[in-house]
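**Q** I am attaching a structure below and will ask some questions about it afterwards.
The values are calculated or read from the model by the stated rules, or taken from the named source; none is laboratory data. All values derive from a computational prediction rather than experimental measurement. Counting neighbours? That spans all protein chains shown, and the Cβs are built from the backbone with ideal geometry, glycine included. Only protein heavy atoms, including side chains, enter the accessible area calculation; ligands, DNA and RNA are left aside. Shrake-Rupley method; radii C 1.70, N 1.55, O 1.52, S 1.80 Å.
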Amino acid sequence: MSDSIFDVTMVELPANVPILPFSGIFLFPETKVNLRIYEMRYIRLVFNALASSRIIGMVQPMEQDMSMKVPSLYKTGCAGRISSFTESGDTLLITLTGISRFNVIKETDHNGIYRDASIDFSPFVEDFNLTDFKFNKKELFDKVDFYAYSNKIDLTSDMLRQMPQDQILMTLAMLLPFAPAEKQALLECAQLQKFYDTLLLLLDMNSDGRIN
């Protein structure tokens, strides 16, 4: 974790969190996501979170058909702290700062308004010590550069070199335009070594040597 005075330790995390099941929106530890909240049930969710722990869980729905009232959720998500929010008419603009991934133990429909879940952070204890994980930057940066070149993406390793090491892997997982199933696979890699290996594999799988 970073050294911010607002950092949350593992023992301070709640055992139950409200859930935002927004398809295609992923949160990883040490990353930020900006959300526009306009549905009344989710506005209530945000205000309830602000009144308690300020922590919300982001979990992907398994079904792509969001017309379903209560779509099933993936087992693994990521908790984020509401680090800023602004009221804009009938809309809330919030920023979530990723804390740690978790597994859903038991899900509840919160009085028909929104959903919450009992969660377990323990499989992802390494998320609280990202600075302890060392990886081969040259190997990663070479693959990032080749991936960006292959896919004509405006991203180079130079943009990553100024970033603290503990933020690089999660930021890449957040920003790179991998398929949702691929990002979910990263989210579910509890051990950071497996996360790193999977990230390299996805960079290779989504790169090619063609010059157009």
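**Q** Roughly how many debye, to the nearest 20, is the charge dipole of the stretch 81-149 about its Cα centre, given +1 on each Lys and Arg Cβ, -1 on each Asp and Glu Cβ, and no other charges?
**A** 240
**Q** Any chance you could run the full-extension gain for residue 23 through residue 162? It's 0.36 nm times the residue separation minus the Cα-Cα distance, nm to one decimal.
**A** Numbers: separation 139, 0.36 × 139 = 50.04 nm, distance 3.11 nm.
Here the segment from residue 23 to residue 162 would lengthen by 46.9 nm.
**Q** Among 13-24, 52-63, how do they line up from the highest to the lowest mean number of other beta-carbon atoms within 10 Å? Don't skip to the end; give the middle numbers.
**A** On the way: 13-24: 18.0, 52-63: 19.7.
By packing density, highest mean first, the sequence is 52-63, 13-24.
**Q** In the chain, what percent of the accessible surface is made up of carbon and sulfur (1.4 Å probe, ligands and nucleic acids excluded)?
**A** Details: 5730 of 10920 Å².
Summing carbon and sulfur atoms, their accessible area is 53 percent of the total for the chain.
**Q** What angle, in degrees between 0 and 90 and rounded to the nearest 10, separates the Cα long axis of helix 137-151 from the longest principal axis of the Cα atoms of the chain?
**A** 90
**Q** Skip the ligands, DNA and RNA, and give the accessible area per residue of the chain with a 1.4 Å probe, whole Å². If you can, show how the numbers build up before the last one.
**A** Values: 10920 Å² over 212 residues.
Value for the chain: 52 Å² per residue.
**Q** Can you tell me the orientation of helix 165-175 relative to the chain, as the angle in degrees between its alpha-carbon axis and the longest Cα principal axis, to the nearest 10?
**A** Tilt relative to the chain: about 80 degrees.
**Q** For the pair residue 105 and residue 83, how long in nm is the line joining their label points, each one 7 Å along Cα→Cβ?
**A** Distance between the two pseudo-spin positions: 2.8 nm.
**Q** Let me ask another. What is the magnitude of the charge dipole of the chain about its Cα centre, with +1 placed on the Cβ of each Lys and Arg, -1 on the Cβ of each Asp and Glu, and no other charges, expressed in debye to the nearest 20? Numbers along the way, then the final one.
**A** Details: 20 positive and 27 negative charges, 49 e Å.
For this selection, approximately 240 debye.
**Q** Go ahead and set up a Gaussian network model of the chain, Cα springs under 10 Å, then flag whichever of 95, 156, 86 fluctuates most.
**A** Residue with maximal mean-square fluctuation among 95, 156, 86: 86.
**Q** Right, another one. Picking from 184, 159, 140, whose Cα lies most toward the positive end of the charge dipole for the stretch 139-212 (charges on Cβ: Lys, Arg +1; Asp, Glu -1)?
**A** So the residue we want is 184.
**Q** Moving on to the next point. Enumerate the amide H contacts of residue 115 below 5 Å, restricted to partners 5 or more residues apart or on another chain; note that Pro and chain-start residues carry no placed amide H.
**A** The list, which skips near neighbours in sequence, is 19, 110.
**Q** Ok, one more. Straight-line reach from residue 138: which lysines have Cα under 29 Å away, leaving out those fewer than 8 places along the same chain?
**A** Within reach: 32, 152, 183, 194.
**Q** Hey, another quick one. Among 96, 186, 50, which one shows the highest mean-square fluctuation when the chain is modelled as a Gaussian network with alpha-carbon springs under 10 Å?
**A** Taking springs between Cα atoms under 10 Å, the residue moving most is 50.
**Q** Using a Gaussian network for the chain with springs between C-alpha atoms less than 10 Å apart, which of these wobbles most: 154, 116, 142?
**A** 154
**Q** So, in Å, what gap is there between the alpha-carbon centers of the stretch 136-153 and the stretch 18-94?
**A** Their Cα centres are 31 Å away from one another.
**Q** Helix-derived [θ] at 222 nm for the chain: sum -39500 (n - 2.57) over DSSP H runs of at least 4, divide by residue count, nearest 500?
**A** Details: 6 runs with 63 residues, N = 212.
Value at 222 nm, helices only: -9000 deg cm²/dmol.
**Q** Tilt of helix 192-205 relative to the longest C-alpha principal axis of the chain, in degrees (0 to 90, nearest 10)?
**A** 60
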